[in-house]
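Bear in mind that the values in this text are calculations on the coordinates, not laboratory data. All values derive from a computational prediction rather than experimental measurement. We place every Cβ from the backbone using ideal geometry, glycine too, and count neighbours over all the protein chains shown.
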Amino acid sequence: MPTDDLEPLDRFHRELKSVSASGTVVDIGLGPRQAGLTEELDRIRAMLVIRVGLGQSLDAAVREEASLPPRYRAAALAWLRFDSPAEVLDALVVDSARHDGVLRGLRISLLQSGVLLAIVCVCLAVSAIWLSPRIDAIYEDLQMKPTESAIWLSAARAWLPVWTTAASVAFLAILWLALYSHRTQLGRLSEWLPMVRRRQRLIGQARFAQYLSSWLRQDLPADEGTALAASFSGLDLAPDRPAVSPEEVPRPDLPPLVNWALTGDLAGESRSSTLQTVAEVYRRLADRQIAWWARTIPVDFATVIGGIAVLLYGLSVLLPILGLLQDVASFGRE
C-alpha cells in the first residue's frame, strides 16, 4: 500500500478529524449525505489508494476521482499545493461563533412572538366567552341579523376548544424551539432569513477570493484555480467559460471585486495580494451584516409579529362592537 505517497492526504484527514472531534463543524461539501465525516474521509482514502496504487500521483488521483465532493477536491488540492495549508482548514471550518448572535436574536424573537401570540389568544378567548354572548343577545332582542364580524366572533366562541388547543400546541412548539432546540435546527431555520443568506453569499465570495489568491501566488493555472475556487466557495459560475486573465473583459458571474482584482489596472500591485485584500473586504462586509441584524432581529420580529397579532385582535373585538352600535342607532331611527 503506497502509504508514503498518501502521507500528505493522511495528514490532511487527521487534521479534519481532529477539528471535528473538538466539536467544530467541518464542511467538506457532503451536502445531504448521511455518512459522517470520519466515514466519508475513510471512503475517500480507500478510493484514492486504488488510484495511487495503479501508478497515479496523489495530485492526479484527487483531480480525476469523479466521486469526490467538489469542495473536498478543491480543499485537498489546495492542501497539496499551497504553502499555507492552514488557510484551507480555516476555510473548511463553519464559522458558527459570529453566527451565534443571529441565533440568539432568533431565540429571543421566537420567545417574544410566542408570548405575544399567547396573550392575544387569551384575550380573544375572553372576548369570545364574555363579549360574544352579549352581542348575540342584543341582536336577538332587536330581531336583527348580526354583522359578519359578530358572526365571526360567535364562531370563535363555538370553536373555542379547537383553536385554543391548536394555539397551545403552537405556543409550546415555539417555546421549545426558542429554549431547547439544537443550534443546528435553529441554524436551518435562520437560513430562511434574507440577511443570513446575504452573509453566506459574502462569506462565499470571500472564500473564492482567498482561494484564488493563494492559487495565483503559487503561479498555478488561472483557469483551474477559478473552477476550484468556485467549488470551494460554493459559488455558481457559468459553465464552459474560459479563465479570466488581465487582458479579458470582466465575467458577470464573478463577484464584482474579484472581477476588478483580476481585470483592473492595479498599478503594479500583484493580483494575488489584491485578491487577499478583496477577501478581507468581503469578510468585513459579512461581519457587519451579521452584527447589524443580530441587534435588530428581535426588534423587527416583535414589531411585525406583535403588531399584526394586536391589530387582528383589535379588529376582532372592535368591529363587532362598532357594527352593533351602528345597527342599534339605525334601529332607533326606524
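Numbers for the structure displayed
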| item | result |
| --- | --- |
| Approximate spin-label separation Asp265-Val169, in nm, with each point projected 7 Å along Cα-to-Cβ | 6.8 nm |
| Potential extension, Leu311-Ala60 segment - 0.36 nm per residue separation minus Cα distance | 83.9 nm |
| Ranked by how many other beta carbons lie within 10 Å on average, peptides 157-164, 74-81 from highest | 74-81, 157-164 |
| Cα-projected label distance for Asp10 with Val281, points at 7 Å along beta-carbon direction, nm | 4.4 nm |
| Burial ranking of peptide ranges 319-330, 211-222 (average Cβ count within 10 Å, highest at the top) | 211-222, 319-330 |
| In nm, spacing of pseudo-spin labels at Met144 and Asp253 (7 Å Cα→C-beta vector) | 6.8 nm |
